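No lab work stands behind these numbers, since they all come straight from the coordinates. Note that the structure is a prediction, hence the values are computed from the model and not measured. Here Cβ is always computed from backbone atoms with ideal geometry, including for glycine, and neighbour counts include all displayed protein chains.
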Amino acid sequence: MSKELVLNRMLEFKKFVITNKRLPKLWETKFLDQEDMRIWFNNICKLPNFQNYVTEINNLLSEYNFALLSDSSKEKEFLNYIMEHKMLPLKNKVYFSNNEDMFSWYNLYRLKHRDFEELVHNNLFEYEDFDLNIVWSNIKDEFLNTIKKLKRIPNHGEAKTSTGIDIRIIYDKLLIVNPIYCEKLLLYIASLKEQKLSIANRIQELKTTTSSLGYIPEFQESRFSDNTDMYTWYMRYKTIIPSLEPELNTLIKENNIKAEFTRGK
């Protein structure tokens, strides 16, 4: 990325914050070069070279009472929401006090913080409302038919059985009770999509993107040619395809060596 492009993005982003007195939402606004503003900002927040700029943006947001939140603060706000509403926030419907989408944050955060995910589940009556072992034989057909129709695992609140049980909650419980079954289910879903984009093609596209970026794409950062999120697929399949993670790490290492060599010239 050229220095000129970075400076232009920094100016555009700051202008948005000053004009709107908040951060842009995910997929809401693009730079003039068509990159998503929020994805870009989320990425640079992790880079040491941008910390002065991030601090500058945070100081602006503080004036508007939209300061960047720590993960512990987000946990508190998230738990307060589910304890009040007894449901998980829907995507692009509920936001933290700093205007960040709750659903998108939780969907990524829970993958590395299973203890928090368990705490969330314990505060949702839906997770305590039925014993999967008892009702499985009665809901199995509806569950599988929904998965077959959608060709994916539905989001929370997206699909329910005729008795009102959230399909995604069934899957969440199944993931704990029988993870091997869930792995087979994901492979089955992949076979349903085989004509659209095969697993081999997904692996190749993921490798190409990883090689180009120099790292494994993050949540909602890059998409396959069929418009599905690369990171979500990768997190599901890296345990199903053991060779996938080592191969990607090798690509990243080769990319870094190449970059160092180029800079050395």
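By how many nm would the segment from N58 to N178 lengthen if fully extended, with 0.36 nm per residue of separation less the alpha-carbon distance?
Full-extension gain reported as 38.8 nm.
Apply 1/(1 + (r/R0)^6) to the Cβ-Cβ distance of S211 and N49, taking R0 = 35 Å, and write down the FRET efficiency to the nearest 0.05.
The calculated FRET efficiency here is 0.95.
Of the cross-linked pairs K151/K184; K149/K207; K25/K160; K86/K160, which ones have a Cα-Cα span greater than 18 Å in the structure shown?
Exceeds cut-off: K149/K207; K25/K160.
Taking every pair of Cα atoms in region 167-255, average 1/r, invert it to obtain the Kirkwood radius, and report Rg/Rh to two decimals. Working shown, then result.
Details: Rg = 13.8 Å, Rh = 13.9 Å.
That ratio equals 0.99.
Pick from K86, K46, K207 the residue whose mean-square fluctuation is largest in a GNM of the chain, springs joining Cα atoms under 10 Å.
In this elastic network of the chain, the residue with the biggest mean-square fluctuation among K86, K46, K207 is K46.
Which label marks the calculated value of P(r) over Cα pairs in 10 Å bins from 0, in percent, given the options [x] 7, 29, 36, 21, 6, 1, 0, 0; [y] 6, 21, 25, 22, 14, 8, 4, 1; [z] 6, 24, 31, 26, 12, 2, 0?
Computing P(r) over Cα pairs in 10 Å bins from 0, in percent and matching it to [x] 7, 29, 36, 21, 6, 1, 0, 0; [y] 6, 21, 25, 22, 14, 8, 4, 1; [z] 6, 24, 31, 26, 12, 2, 0 gives [z].
How do V17, V135 rank when sorted from fewest to most other Cβ atoms within 10 Å of their own Cβ?
Starting with the residue having the fewest Cβ neighbours, the order is V135, V17.
Can you tell me the length gained on complete extension of the stretch S72 to N155, counting 0.36 nm per residue apart and subtracting the Cα distance? Walk me through the numbers on the way to the answer.
Details: separation 83, 0.36 × 83 = 29.88 nm, distance 2.44 nm.
27.4 nm is the gain from fully extending S72 to N155.
Could you put C182, C45 in order, starting from the residue whose Cβ has the fewest other Cβ atoms within 10 Å?
C45, C182
At a Förster radius of 35 Å, what calculated FRET efficiency corresponds to the Cβ-Cβ distance of T250 and L144, to the nearest 0.05?
Efficiency for this residue pair is about 0.40.
Hey, rough spin-label estimate for K112 and E28, points 7 angstrom out along Cα→Cβ, what's it come to in nanometres?
The two pseudo-label positions are separated by 2.4 nm.
Report the Rg/Rh value for region 130-192, based on alpha-carbon coordinates and the Kirkwood definition of Rh.
Across region 130-192, the Cα-based Rg/Rh ratio is 0.92.
How do H113, H85 rank when sorted from fewest to most other Cβ atoms within 10 Å of their own Cβ? Can you show the working numbers first?
Working: H113 15, H85 11.
Arranged by neighbour count, lowest to highest, H113, H85 become H85, H113.
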